[in-house]
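Student: Below you will find the structure I want to go over with you.
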Amino acid sequence: MKPEILRLNLLGPLLYAPSESIALAYKQEDGEKLFCFEIEESQAQEFLPEKRHFPGALVFSGKALKEEEPSESILELPSGNYIFCQIREILDEDGIIDLAVEAQNEGLWQRLKLTKRLYVRFLFEESQGVTQIWRPYTE
């Protein structure tokens, strides 16, 4: 199934507590997770980029904030404009890379200025795992 790639305006940030997780993987018991990567400048604006440069360097990983778990530092998926897509399954790293490249190509085809940041969000909704790709852009 070909994913639908949309422009999305996130009105408020999504907040996360820092996580020690460095592996781009997910299990239902993990709860909601967010990974933030930075893609090399040479590949961030390239049609058909080299997949070996994806998802990029890990900037941070976080887990959903819970009210009963106060956190000294808070990480966020900032409000703003994004190229966004989601698949109703938990993708492995190769699947995530393919989806991220496809989202990048779509954003560039729309003549958007994509930033170097790439966010991968995992969550479980409606009894199903979900993988999301978020890529900030300016017009």
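The values are calculated or read from the model by the stated rules, or taken from the named source; none is laboratory data. As the structure is a prediction and not an experimental result, all values here were calculated from the model. No Cβ is skipped: glycine too gets one built from the backbone with ideal geometry, and neighbour counts run over all protein chains shown.
Student: Report whether or not residue 116 is more than 22 Å from residue 10 (Cα to Cα), in contact with a helix residue (DSSP H, G or I) (Cβ under 7 Å, 6 or more places away or on another chain) and of a type in the set (Lys, Arg). First the steps, then the outcome.
Tutor: Details: more than 22 Å from residue 10 (Cα to Cα): no; in contact with a helix residue (DSSP H, G or I) (Cβ under 7 Å, 6 or more places away or on another chain): yes; of a type in the set (Lys, Arg): yes.
The answer is no for residue 116.
Student: Tell me which of these residue 49 doesn't satisfy, since it passes every other one: (1) under 22 Å from residue 94 (Cβ atoms); (2) touching a residue at least 60 places away in the same chain (Cβ under 8 Å).
Tutor: Here residue 49 clears every test but (2).
Student: Might you let me know whether segment 94-107 holds any residue that is out of contact with any Ser or Thr (no Cβ under 7 Å at 6 or more places or on another chain), at pLDDT 95 or above and under 20 Å from residue 20 (Cα atoms)?
Tutor: No, segment 94-107 has no match at all.
Student: Please count how many residues of segment 109-139 are under 12 Å from residue 5 (Cα atoms) and of a type in the set (A, V, I, L, M).
Tutor: So the count comes out to 1.
Student: crowded, with 16+ Cβ neighbours inside 10 Å, outside any strand (DSSP E or B) and in contact with a strand residue (DSSP E or B) (Cβ under 7 Å, 6 or more places away or on another chain): is that true of residue 24 in this structure?
Tutor: Details: crowded, with 16+ Cβ neighbours inside 10 Å: yes; outside any strand (DSSP E or B): yes; in contact with a strand residue (DSSP E or B) (Cβ under 7 Å, 6 or more places away or on another chain): yes.
Judged against the criteria, residue 24 is a match.
Student: Under 9 Å by Cβ, and 6 or more places apart or on different chains, what pairs join a residue from segment 1-21 that is within 17 Å of residue 60 (Cβ to Cβ) and in a loop (DSSP other than H, G, I, E, B) with one that is at pLDDT 90 or above and of a type in the set (Asp, Glu)?
Tutor: 13/76
Student: The conditions are (1) more than 14 Å from residue 34 (Cα to Cα); (2) touching a residue at least 12 places away in the same chain (Cβ under 8 Å), and residue 59 fails exactly one of them. Which is it?
Tutor: Against the list (1) more than 14 Å from residue 34 (Cα to Cα); (2) touching a residue at least 12 places away in the same chain (Cβ under 8 Å), residue 59 comes up short only on (1).
Student: Yes or no: residue 15 surrounded by 14 or more Cβ atoms within 10 Å (Cβ to Cβ), at pLDDT below 95 and farther than 19 Å from residue 135 by Cβ? Talk me through it step by step, then tell me what you get.
Tutor: Values: surrounded by 14 or more Cβ atoms within 10 Å (Cβ to Cβ): yes; at pLDDT below 95: yes; farther than 19 Å from residue 135 by Cβ: yes.
The answer is yes for residue 15.
Student: Then there is this: Output the residues belonging to segment 26-45 that are free of Cβ contacts under 8 Å to residues at least 24 places away in the same chain and out of contact with any helix residue (DSSP H, G or I) (no Cβ under 6 Å at 6 or more places or on another chain). Give the derivation first.
Tutor: Pass one, segment 26-45, residues free of Cβ contacts under 8 Å to residues at least 24 places away in the same chain: 27, 29, 42-43.
Residues satisfying the conditions are 27, 29, 42.
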